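One structure below.
The values are calculated or read from the model by the stated rules, or taken from the named source; none is laboratory data. For clarity, every value in this text was computed on a predicted model and none was experimentally measured. Quick reminder, even Gly has a Cβ in these numbers, built from the backbone with ideal geometry, and neighbours come from all protein chains shown.
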Number of protein chains: 2
Amino acid sequence: MPATIRDVARVAGVGLGTVSRVINNSPQVSDPTRRRVLEAIEALDFHPSPIARRLSLGKTLTIAAIAPFFTRPATVERLRGVELTIAGTEYDLIVFSVESPERRDATLREVTRSQRVDGALVISLPPRDGELETLQASPVPVVLIDVNNPEMEGFSRVVVNDFEGGRRATQHLLALGHRRVGYISDPFDEPFLYTASRMRFQGYQQALQEAGIEPAEVWHQHGEHGRYEAERLAIALLSLQNAPTAIFAASDTQAIGVMEAARKMGLNVPKDLSVVGYDDIELAEYMGLTTVRQPLFESGAEGVRLLLQAIADRSAPPRTVRLQTEVIPRRTTAQPRDGDAP
Amino acid sequence: MPATIRDVARVAGVGLGTVSRVINNSPQVSDPTRRRVLEAIEALDFHPSPIARRLSLGKTLTIAAIAPFFTRPATVERLRGVELTIAGTEYDLIVFSVESPERRDATLREVTRSQRVDGALVISLPPRDGELETLQASPVPVVLIDVNNPEMEGFSRVVVNDFEGGRRATQHLLALGHRRVGYISDPFDEPFLYTASRMRFQGYQQALQEAGIEPAEVWHQHGEHGRYEAERLAIALLSLQNAPTAIFAASDTQAIGVMEAARKMGLNVPKDLSVVGYDDIELAEYMGLTTVRQPLFESGAEGVRLLLQAIADRSAPPRTVRLQTEVIPRRTTAQPRDGDAP
DNA sequence: CTGTTAGCGCCTTCAA
DNA sequence: TTGAAGGCGCTAACAG
């Protein structure tokens, strides 16, 4: 049986309130008394029960992270930022990996109930119909990481400047001399979806227009997220007459599909085709993929900070932290083989 | 303020003991009473406080997973198995990502203290000096996943049959006609380290000997785990006169280093060099890497089951679950270019 | 400064 | 079958 605060009090010959004060570093304990208590604690190898503490404090000292753990490698890096940041606090982190819509709803509802956790981090999960209400009604603070939908203003969020990211990626290609640049992404016409693809697209358009190029509609291909679908889309794109000499993919995973398409079509990357991804997942470095890096680890860390603040001050207005992107040039981008003069 | 059991009792017009019985599905409640209580619960949107429940029960209803989250991609897949299996139970999962030796020790000690969690899963962390004692003295049950050291017998564990895995990988190469097969791994001469590499090596040796081949000492190169070190080792190996025509690497990460070495040396894989990895991380599929798959997800799931059993019955003897491996042939292995006749 | 007391919300006897 | 009471270990308010 582990020692309790009462045992310590008895051994130290003090009341148990005093022991509590010592544990919580209350200044109002005399030095000699404190020493006696400390000795007793040491002697008994006493550690306060976190659960009793929580019940008494009326706090769970726990925060939840809800994320699609494994569908996107980037999420893991975000979680790492979350975990390491939380490790320095008195909070525990409990994680929920949501992979199915049912679990997603259930988890969200359970977590946003009070008594369960003191706050929740929702990572890379664009809200679906009805969830917005769940979140807004949540008695526990929620911070969104990598959820960039306009509907989500009003929540504290950590987002990346996707418009700027798309613009920078495209500018990188333009600077190399490309004039026909394709864009492959998830679809973005549904109201409640991941809007990153759309923002990146707008940045892409903007960059082209700034360079005096009117983006052709066929240059934009979209389909379900994933390597194979992206491969299919790239083949379509590259089969056009006057096909793009460069493709910007809305994620590294999709960029990999693009490269696979090039391989199958006998196109050399980067000589025949330049490819830029987005995310800078670990795989990207190995493959030498030029990509747009977003501060993944930092996004998790920042999310924790926002959440802790929100917990400390419930009435504080929501804040948005917007992180910047950076193009990482590697081996998949180069000048186009043929000049592309008008 | 969320409703408490007392509110429910008042609304239902019963004593609060009865409400508790209903919550816990005690059979000794009459149907009409149960119905009234259920209605009150519904009306008040009552959810029992997990914390109060834990304090009263004297259980934390929480289990900890300690793992080097991100240094090995395989770990993430194991965690996924852990998370999904736990999700079906009343337990919470709290995770600790240990990346430094200090945190490692601190976490282990904290977690193995009672009051903190009901059980702990230690994943892919070979014990270091002194930790064995910490673990053995642990009042909370501990299950080891992917910790195959002989010193760890006595603990419940989920391990993979690494000897057999090494043997199968090598047999695959032998069946293709290779006679000179190299092996690249972490070092395995320290007493307290990850023994998987050694077991795989023994399987490798066994397979060669069964084929009437005496493995040359120089065929085995070892160094710190990682892609770049493996690349260095592979270059050394391939620079030998009478260099191996195939290399078996103790992990996919290292196999990638080997392939990078081949690329730099102008060797075609698999025509000039066959490569086999180990783990079947996601990257392996993309790269077409022939590898030895171990049931990662399943190892996590199985670990949870073992732990839950151990929690339910503290006096049960430790059990070892040994999972099997499987060679996944892909595009990095083929017949050697030149016959290798004696 | 320090001891005592009253909860925190729930579970579990013990009686009735 | 049900109500009431005691206790889980700790914190905080109140006396002294």
* Asked: Quick check, is A:Asp313 among the charged types (D, E, K, R) and either modelled with pLDDT of 95 or more or closer than 23 Å to A:His172 by Cα (or both)?
  -> no
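Could you look through the stretch A:212-234, keep only residues that are assigned to a loop (DSSP other than H, G, I, E, B) and among the aliphatic types (A, V, I, L, M), and pick out the one that is surrounded by the most Cβ atoms within 10 Å (Cβ to Cβ)? Talk me through it step by step, then tell me what you get.
In the first step, residues of the stretch A:212-234 are kept if they are assigned to a loop (DSSP other than H, G, I, E, B); the result is A:212-216, A:223-226.
If we keep only those that are among the aliphatic types (A, V, I, L, M) as well, we get A:213, A:216.
On the way: A:Ile213: 17, A:Ala216: 14.
This residue is A:Ile213.
Condition test on A:Phe96, is it at the interface with chain B (Cβ under 9 Å from one of its Cβ atoms), part of a loop (DSSP other than H, G, I, E, B) and closer than 30 Å to B:Glu102 by Cα? Lay out the reasoning, then the answer.
Details: at the interface with chain B (Cβ under 9 Å from one of its Cβ atoms): yes; part of a loop (DSSP other than H, G, I, E, B): no; closer than 30 Å to B:Glu102 by Cα: yes.
Judged against the criteria, A:Phe96 is not a match.
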* To do: Return a yes/no flag: does the stretch A:170-182 have any residue that is assigned to a helix (DSSP H, G or I), crowded, with 21+ Cβ neighbours inside 10 Å and free of Cβ contacts under 8 Å to residues at least 60 places away in the same chain.
  => no
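Output the number of residues of the stretch B:130-156 satisfying the condition of being assigned to a strand (DSSP E or B) and touching a Gly at 6+ places or on another chain (Cβ under 9 Å). Walk me through how you get there before you give the answer.
Within the stretch B:130-156, the first condition is being assigned to a strand (DSSP E or B), and the residues that meet it are B:142-145, B:153, B:155-156.
Next, from what is left, pick out any that are touching a Gly at 6+ places or on another chain (Cβ under 9 Å): B:142-145, B:156.
Total satisfying the criteria: 5.
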* Condition test on A:Leu296, is it out of contact with any strand residue (DSSP E or B) (no Cβ under 7 Å at 6 or more places or on another chain) and under 30 Å from B:Glu231 (Cβ atoms)? -> yes
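Would you call A:Ser56 crowded, with 16+ Cβ neighbours inside 10 Å, within 16 Å of DNA strand D (Cβ to nearest atom) and of a type in the set (Gly, Ala, Ser)?
Values: crowded, with 16+ Cβ neighbours inside 10 Å: no; within 16 Å of DNA strand D (Cβ to nearest atom): yes; of a type in the set (Gly, Ala, Ser): yes.
Against the criterion (crowded, with 16+ Cβ neighbours inside 10 Å, within 16 Å of DNA strand D (Cβ to nearest atom) and of a type in the set (Gly, Ala, Ser)), A:Ser56 does not qualify.
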* **Test: A:Arg113 is among the basic types (Lys, Arg) and buried (at least 21 other Cβ atoms within 10 Å of the Cβ)** => no
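Residues that are surrounded by fewer than 16 Cβ atoms within 10 Å (Cβ to Cβ): find the strands (runs of 3 or more DSSP E) completely inside the stretch A:235-342 holding 2 or more of those. Give the steps one after another, and end with the answer.
Working: elements: A:246-249, A:274-279, A:290-293, A:320-323, A:326-328.
Passing ranges, in order: A:320-323.
Evaluate the stretch A:142-155: report whether one residue or more is aromatic (Phe, Trp, Tyr), in contact (Cβ under 8 Å) with a residue 24 or more places away in the chain and more than 14 Å from chain B (Cβ to nearest Cβ).
Filtering the stretch A:142-155 for residues aromatic (Phe, Trp, Tyr) gives A:155.
With the extra rule that they be in contact (Cβ under 8 Å) with a residue 24 or more places away in the chain, the set shrinks to A:155.
Pick out the ones that are also more than 14 Å from chain B (Cβ to nearest Cβ) and you get A:155.
Yes.
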* Considering each residue of the stretch B:259-307, count those that are more than 18 Å from the chain's Cα centre (by Cα), within 13 Å of another protein chain (Cβ to nearest Cβ) and under 20 Å from B:Gly166 (Cβ atoms), and give that number. => 2
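Can you spot a residue in the stretch B:77-86 that is within 9 Å of DNA strand D (Cβ to nearest atom) and among the hydrophobic types (A, V, I, L, M, F, W, C)? Before the answer, list the steps.
Going residue by residue through the stretch B:77-86, those that are within 9 Å of DNA strand D (Cβ to nearest atom) are none.
No, the conditions are met nowhere in the stretch B:77-86.
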* Asked: Given the structure, is A:Gly119 of a type outside the set (D, E, K, R) and more than 11 Å from every other protein chain (Cβ to nearest Cβ)?
  -> yes
* Inside the stretch B:8-67, counting only helices (runs of 4 or more DSSP H) that do not spill past its ends, which hold 2 or more residues that are near DNA strand C (Cβ under 10 Å from one of its atoms) and more than 14 Å from chain A (Cβ to nearest Cβ)? -> B:16-23
* **Whichever residue in the stretch B:6-28 is under 41 Å from the mean Cα position of the chain (by Cα) and not hydroxyl-bearing (Ser, Thr, Tyr) and, among such residues, is surrounded by the most Cβ atoms within 10 Å (Cβ to Cβ)** => B:Val22
* To do: Could you tell me whether the stretch A:157-166 includes any residue that is assigned to a loop (DSSP other than H, G, I, E, B) and modelled with pLDDT under 95?
  => yes
* Could you tell me which numbered condition A:Glu285 fails, if it satisfies all but one of (1) touching a residue at least 40 places away in the same chain (Cβ under 8 Å); (2) within 28 Å of A:Gly119 (Cα to Cα)? => (2)
* Structure fact -> When restricted to A:Thr85, A:Thr89, A:Thr75, the only residue more than 10 Å from chain B (Cβ to nearest Cβ), of a type in the set (Ser, Thr, Tyr) and part of a helix (DSSP H, G or I) is A:Thr85
